[in-house]
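Just below is one structure, and these are the notes that go with it.
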Amino acid sequence: MSAEHAEMSVFQALLGRRSVRKFTDRPVDVKDLRRILEAGRWAPSGLNNQPWRFLVVRAGDPRQAALAGLTKYGHIVREAQALIVVFLYKPAMYHEGKDNQAAGACIQNLLLAVHGLGLGGVWLGEIINQEDQVMEALQLGTEEYRLMAVIALGHPAQPSSRLDAAAGSSRRPLEELLLEAL
């Protein structure tokens, strides 16, 4: 693959990824789930500490219904064919801010991999407001793990043409985000 083609592929993925909140009932292949998790695993982290940990909840698992009851986005959680619950593993952490940034990079990698495989997904962050109840439902201790997000994913229910670059999304102009002009 040429450098120019790789650059275009990266930018197409970055600009084309959208949050998908409606899924078909078609299961997500385990091979695809593993590829998505591999992408998350390769995110950058300070000191390469890789502080993230994942829990995959597949459709029909009783924990899916439990998680759905703990967020105002329960309808998305119930419809998803898989959930990737992302945690920080406290014993691996060395700096709160850097480790939170690393978790964000990991989550972005996961979402880009979901998109790259032709699947749809959405980052559910609101659920962290119920962290204690989530941890209880998943039978995990808050002394070791910190909830970062739940990614709901599956095969998109809407036609892929509606998911193409820039469809239905907008961003502030770059000039508005720059502190100084380039």
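Candidate cross-link partners of Lys22 among the aspartates and glutamates, defined by an alpha-carbon separation under 17 Å and a same-chain spacing of 8 or more, comprise Glu79, Asp164.
Distance between the pseudo-spin-label points of Arg58 and Ala3 (7 Å out from Cα toward the beta carbon): 4.3 nm. For the chain, the per residue solvent-accessible surface stands at 59 Å², with DNA, RNA and ligands left out and a 1.4 Å probe. For the stretch 94-157, the calculated P(r) over all alpha carbon pairs, in 5 Å bins from 0 to the bin holding the longest distance, is 4, 16, 21, 21, 20, 13, 5, 1, 0 percent.
Placing R0 at 41 angstrom, the Cβ-Cβ distance between Ala105 and Gln133 gives a FRET efficiency of 0.95 after rounding to 0.05.
Compared with the direct C-alpha span, the chain from Ala181 to Arg41 gains 46.8 nm at full extension, assuming 0.36 nm per residue.
Since only Pro51, Gly40, Ser19 are under comparison, the one whose Cα sits farthest along the positive direction of the charge dipole of the stretch 16-60, derived from C-beta charges on Lys, Arg, Asp and Glu, is Ser19. Shape annotation for the stretch 18-150: C-alpha extents along the principal axes are 40, 32, 22 Å, from largest to smallest.
When shorter helices are ignored and each DSSP H run of at least 4 residues is given -39500 (n - 2.57), the per-residue value for the chain at 222 nm works out to -11500 deg cm²/dmol.
Taking GluC sites (Glu not before Pro) in DSSP loop states with no more than 16 other Cβ atoms inside 10 Å as exposed sites, the chain has its longest site-free stretch at 1-142. The string of couplings for the stretch 22-37 from the Karplus curve (6.51, -1.76, 1.60, θ = phi - 60°) is 10, 10, 7, 8, 6, x, 8, 5, 4, 4, 5, 4, 5, 5, 4, 5 Hz, one whole number per residue in order, with x for Gly and Pro. Here the accessible area of the chain is 52 percent carbon and sulfur, with a 1.4 angstrom probe and all protein chains present. For the stretch 1-158, a simple Cβ point-charge model (Lys and Arg +1, Asp and Glu -1, everything else neutral) yields a dipole of about 340 debye relative to the Cα centre.
Here the stretch 12-90 is assigned +1 on the Cβ of each Lys and Arg and -1 on the Cβ of each Asp and Glu. Its dipole about the Cα centre then comes out at about 140 debye.
Annotation for the stretch 60-98: trypsin sites (Lys or Arg not before Pro) lying in DSSP loop with at most 15 further Cβ atoms inside 10 Å of their Cβ are Lys72.
Couplings for the stretch 79-93, taken from phi via the Karplus curve 6.51 cos²θ - 1.76 cosθ + 1.60 with θ = phi - 60°, read 7, 5, 8, 7, 10, 10, 8, 9, 10, 9, 8, 3, x, 8, 6 Hz in order; Gly and Pro are left as x.
The values are calculated or read from the model by the stated rules, or taken from the named source; none is laboratory data. Treat the numbers as computed from the prediction; the structure is a model and nothing was measured. Because the Cβ atoms are built from the backbone with ideal geometry, glycine has one as well, and the counts that use them run over all protein chains shown. Heavy atoms of the whole protein, side chains included, go into the accessibility calculation; ligands, DNA and RNA do not. Shrake-Rupley method; radii C 1.70, N 1.55, O 1.52, S 1.80 Å.
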